[in-house]
Amino acid sequence: MKIDKKEIVEKTLELFGFEKLNPVQKLAVDRGLMSQKNMIISAPTASGKTLCAFMAGLNCFLTNKKMIYLCPLVALAQEHYNNFKERAEKLGIKVALSIGDLDSSDPWLRDYDWIICSNEKADSLIRHGADWINEIGLIVVDEIHMLTDHSRGPTLEILLTRMKKILPNAQIIGLSATISNVKELAEWLDAEKIESEWRPVRLYEGVSFDSVIEFFGNRKYDLEKKLWHEMSILKNSIDMNKQALFFVASRRNAESLAEKLSDETRKYLSSVDVMSLKKIADEVINALDTPTKQCKRLGKCVENGIAFHHAGLIGKQKKIIEDNFRKGIIKAIVATPTLAQGVNTPSHRVIIRDVKRFYAGIGARYIPVFEYKQMAGRAGRPEFNSEGESILIAKNEEEAFELAERYINGESEEIQSKLALEPVLRMHVLALISSGFVKNLNQLYDFFRQTFYAHQYGDISGLDVRIERILERLIEFGFVVRINDDLKPTKIGKRISELYIDPLTGHMFVEALNKKVETNNFGYLQLVSSCLEMKPLLSLTAKDIKEVEEKFMQHEKHFMTNVPKEWEDEYEEFMQSIKTTLVIDDWINEKSEDDILNKRGVTPGELRTRLTNADWLLYSLSELALLLGFKESIKDLRKLRIRVKHGIKEELIPLIRLQGVGRMRARKLYSHNLKTLEDLRNTDIIVLSKIVGNSIASSIKKQLGEDVDQKQKFLEL
């Protein structure tokens, strides 16, 4: 298929349902978007930056090259995949989503034209030597301002530095909200900078205090004085048939404010709303096999048109809330700031209640201007509104003035490289050597001179010192061998890099396996709970201490880590690792999410995150055990992984392998003395149906290779 640039624009506009390019898109096209020029497009939220990426991707496809689309969050990658897939496939473009297994080169991706993945997954693919990487002609970096993020920025910076060297002719397009040092970033990437303040909906920014909302731009609302502040703002929104998105500092604040608002909103709902919200409430309550206290609190809020949204919810609940907020059924969401960085959930009105956040060891500090801009940028829905409003809440006139000056009139902070953080350098120095990307000291130091850090600071002698210190440790751990100035990975060092774990974690695993302790499941779980990847560990409360100390004494001989003395600095963290272990131990002993929430204070969302991390660490430990020849550990670790994945006791492992049989059905079958697959084969489908229902019974029998059609017809009569 051969089409020119004009046709690319026309085809893209047709697929997205637009008549013409907006100012941001036109500027990008005029400046060389489809001439393989590198570009940083810095413009407000919802200004059409993604459509620029689509046009560049189509242009890349027509040159028989691949596009890789990098996202800082898995949820964003999924959203872009859904946004692109149907449209792109109409043009014969095959779109893939790759966000999972970090220990694979995903060879199947070579058959796809556009590959959408998380930054970490892309980094992992390069580490594993994916053979299709050299076919990439376009690298799109979504949310490129995340370079300044402590946790995600360094990986993105290393990834871009590597891709620049591997793919010197590939086009790089960085997409970002407004940033103040876009010129510096563009210079590093040898890119054209596209800056614009245009957004499809006008944004009014204001401050609310003393029952008034005042905006820059001569707009003002008088609120009902008989209502408390947040409720008066929400009532004002509902009266205008608009939705509201509240941002608060913490999960606890989100739940508290949502409940308080929901107590008063029901009287403002129509009968149609009440019916719809009841169904949605039932969905969020029953998102888990056994509803937790948090599920019920959320359901009660949703029933009244309000939802809270934070990392303590499971993904299914978040999606239900986001989808029904977009539909206009849920009237308000009270969220932590993470929602501002995630999927597209815009609202007519954004209310930012908390502008200070507590930092351990520092205390309360104002949030950055950039973070305010991210939250405020959620205001306005292009498909429904021609304007949006963001509102800061102040206690008095003096604070209102201060907030306006700091945030509305303030300039966003510059993007700053966070590459000098040692945990990140450890992982990436080992990765560069293990993948053969650098083979000697000169190449290693030269690589870091190509980074954004070096471009930004010039003198990187301090970074050189850190790299030298890290290299010495990697050699000491036995992960790297240095012969004169040549650097080579050892077999174990290469495997640790491929497993995408911190070299300190890898070293701890190697030492633990070499101890040859007669451990048990609790010992394995305590080992993985001690890793950097599991931090922050759960804090100890007064009621935890007795149980944690009892478990300490019970399992002391099973611990694979060094057990510190009570007076040593490491002792408190060690005890926290035992509490974290107890949570996972509860889960594999079939405690429900509600039991764990009530007893340990761990929400279902946090539990899922910890279980995912624990599973990966157990997998990494088993892989290292295999490499080092500790075969006796591998069987136990594999069984433990199954239990962690499904939350079951060991006796249920044979049953859980059946599709449609989760932890609760497996336990039900077992309690009816159906303990093996052979037991199920020997049980009549009619008997089985009385235990697990017709459809699951039929599915089980089919999976066991039985023809159940005739009996199924009988059951349906």
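Rule-based calculations on the coordinates, nothing more; no lab input. Source: prediction; values computed, not measured. Ideal geometry is used to build each Cβ from the backbone, glycine not excepted, and the neighbour counts take in all protein chains shown.
Cα centroid separation, the range 36-54 to the range 436-490: 34 Å. Computed from the C-beta positions of His150 and Phe552, the FRET efficiency with R₀ = 45 Å rounds to 0.85. Other residues with beta-carbon under 13 Å from the beta-carbon of Gln416 carry, at +1 per Lys or Arg and -1 per Asp or Glu, a net charge of -4.
Asn134 sits among other residues whose Cβ lies under 11 Å from its own Cβ, and their net charge, with Lys and Arg +1 and Asp and Glu -1, is +1. Once you have a ≥ b ≥ c as the square roots of the Cα gyration tensor eigenvalues for the range 259-305, tell me rounded if a/c is under 1.5, and otherwise prolate or oblate according to whether a/b is larger than b/c. Oblate, because a/c is 1.5 or more while a/b does not exceed b/c. Neighbours of Asn218 by Cβ distance under 15 Å: Lys/Arg scored +1, Asp/Glu scored -1, total -2.
Taken over the range 483-541, lysine pairs spaced eight or more positions apart, or on distinct chains, with alpha carbons under 26 Å apart number 7.
Of the trypsin sites (Lys or Arg not before Pro) found in the range 56-92, the ones in coil according to DSSP and having at most 15 other Cβ atoms within 10 Å of their Cβ are Lys90. With R₀ fixed at 35 Å, the C-beta to C-beta distance from Ser256 to Gln450 puts the FRET efficiency at about 0.15. Each semi-axis of the equivalent ellipsoid for the range 286-425 is √(5λ) with λ an eigenvalue of the Cα gyration tensor; in descending order they amount to 28, 22, 16 Å. Restricting the GluC sites (Glu not before Pro) of the range 560-621 to loop positions (DSSP other than H, G, I, E, B) with no more than 15 neighbouring Cβ atoms within 10 Å leaves Glu566, Glu568, Glu570.
Which entries of Lys579/Lys631; Lys226/Lys373; Lys296/Lys599; Lys279/Lys599; Lys591/Lys639; Lys543/Lys639 show an alpha-carbon separation above 22 angstrom in the structure shown? Beyond 22 Å: Lys579/Lys631; Lys226/Lys373; Lys279/Lys599; Lys543/Lys639. Structure note, pairs Lys356/Lys418; Lys318/Lys690; Lys551/Lys701: Cα-Cα distances above 31 angstrom occur for Lys318/Lys690; Lys551/Lys701.
Spherically averaged projected area of the convex hull of Cα atoms, the range 514-592: 5.7 nm². Please label the shape of the range 662-716 as rounded, prolate or oblate, based on the square roots a ≥ b ≥ c of the eigenvalues of the alpha-carbon gyration tensor (a/c under 1.5 means rounded; beyond that, a/b larger than b/c means prolate, else oblate). Cα axes put the range 662-716 in the prolate bin.
A crude spin-label estimate for the pair Phe437 and Asp684, with each label 7 Å from Cα along the Cβ direction, gives 6.4 nm. Between Asp459 and Ala364, the modelled label-to-label distance comes to 3.9 nm, taking each label 7 Å out from Cα in the direction of the beta carbon. The Cα atoms of the chain give a gyration tensor whose axes a ≥ b ≥ c have a/c under 1.5, which makes the shape rounded.
With contributions of -39500 (n - 2.57) from each DSSP H run of at least four residues, the per-residue ellipticity at 222 nm computed over the chain stands at -15000 deg cm²/dmol. Cross-link partners for Lys94 among the lysines, with Cα-Cα distance under 16 Å and sequence neighbours closer than 8 places in the same chain left out: Lys65, Lys66, Lys85.
In a DSSP loop and with at most 12 other Cβ atoms within 10 Å, the GluC sites (Glu not before Pro) in the range 343-396 are Glu383. Averaging the Cα positions of each part gives two centres, and for the range 174-239 and the range 648-714 these lie 56 Å apart.
Once C-alpha pairs closer than 8 Å and six or more residues apart are averaged by separation and normalised to the residue number of the range 422-498, the relative contact order reads 43 percent. Each Cα pair under 8 Å and six or more residues apart adds its sequence gap; the mean of these over the residue count of the chain is a relative contact order of 10 percent.
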